Amino acid sequence: MSLLQHAALAVVIFALLWWLTGFAVAGAYRLLRRPLDTLQPETRTRALTGVAVLPALLAGAVTLALYLPVARELAVSAHCHAGIGCGAHAPALNDGPARWLIDALAALVVTAAIWRITLPLLRHDRRARQLAALSSPTRDGQFRVVETDQPVALAVGLWRPRVFVSRGMLAQLAPQALSSVLLHEEAHARRRDALRQLLAAIAGPALLSGPGRALMHDLRVACEQSCDRAAARAEADPLRVADALLRARRAAHTAAPDAGGRPDGALHARIAALIGPPPPPALLPMPLALLGLGIAALLTMLWGIDAVHHGAELLQRLSGPSG
């Protein structure tokens, strides 16, 4: 096989493993969700990001290991081939229908990946450009004022986020509440939460349904709670930040009453994290849960190398005799 044909097979293997591992991680999240809820928001954000990107990392590691001699010798069960012998070897396909199918699937996967990555990047860029065109900086350059009566405050941008606040929000918030809102949005910009959430959403295709949707929701809430806590530390008053959250929410609900309702659960969780008691301890301690996840990931990787290698060779046999 040529280098290009090996690359096509590797792309298809990665995509299949990525998809299957995404479903497995989404299912495992049912067990991890309660222990993760007991972590502080900053730690929980990092842990949730790690869980979200785990499918891509595992798929990439297994695919890479298929082409590393050391990994093949450790993980692939001994077997022999005519013309190759019994030594470690990379999976390969003979000329035939299977190879043509792999080439077509690889082209489809690459096209879908380019679309999946570039589309949200273009959307973020377009949104940032539109807001920049509709806004002007304040004298101190702390944020940009958007010329709209809709009460809006947000940090926009992936690489160099900027804070935007609308005229409507400035009109409805008192100076103290506005200070808390700005501190919150500045924390988003400093942490690059938009980039974090985008990478997490791209990393696992199977995470977009069922428990995976819960994972992404929890990541967004953890990011918000982390920025709430950053604002509370700067203000030295969690109650003031909680009051600002309620006032900003009330302003947005007054301006668009039909849009209310859905974010209330997340808002309650944010206020509880600021001023409420700590969550009850999990039935499964977090270190033990992470250790179990790490062991499961390692075993999955070792089993996956052998299974994928033999699966590719099964395609080789189905594709017909070597030419």
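A DSSP coil position with no more than 13 other Cβ atoms inside 10 Å describes the following chymotrypsin sites (Phe, Trp or Tyr not before Pro) in the range 133-193: Trp159. Couplings for the range 131-137, taken from phi via the Karplus curve 6.51 cos²θ - 1.76 cosθ + 1.60 with θ = phi - 60°, read 5, 5, 6, 9, 10, 9, x Hz in order; Gly and Pro are left as x.
Pulled fully out, how much extra length does the chain show between Leu122 and Leu31, if you take 0.36 nm times their separation in residues and subtract their Cα-Cα distance? Numbers along the way, then the final one.
Values: separation 91, 0.36 × 91 = 32.76 nm, distance 3.55 nm.
Full extension from Leu122 to Leu31 adds 29.2 nm.
For the pair Trp100 and Leu199, label points projected 7 Å from Cα toward Cβ lie 4.2 nm apart. The gain in end-to-end length when the Thr111 to Thr43 segment is fully stretched comes to 21.0 nm, 0.36 nm per residue minus the alpha carbon separation. FRET efficiency for the Arg250 to Val145 pair, using the beta carbon distance and R₀ = 25 Å, is estimated at 0.75.
Give, in nm to one decimal, the length gained when the segment between Arg233 and Ala7 is fully stretched (0.36 nm per residue of separation minus the Cα-Cα distance). So the extension gain works out to 76.4 nm. Its relative contact order, with pairs defined as Cα atoms under 8 Å and 6+ residues apart, puts the range 108-240 at 18 percent.
Throughout, read-outs are computed from the coordinates displayed, never taken from laboratory work. In this text the structure is predicted, and so the values were computed from the model without any measurement. For neighbour counting, all protein chains shown are included, and Cβ atoms are generated from backbone atoms with ideal geometry for every residue, glycine included.
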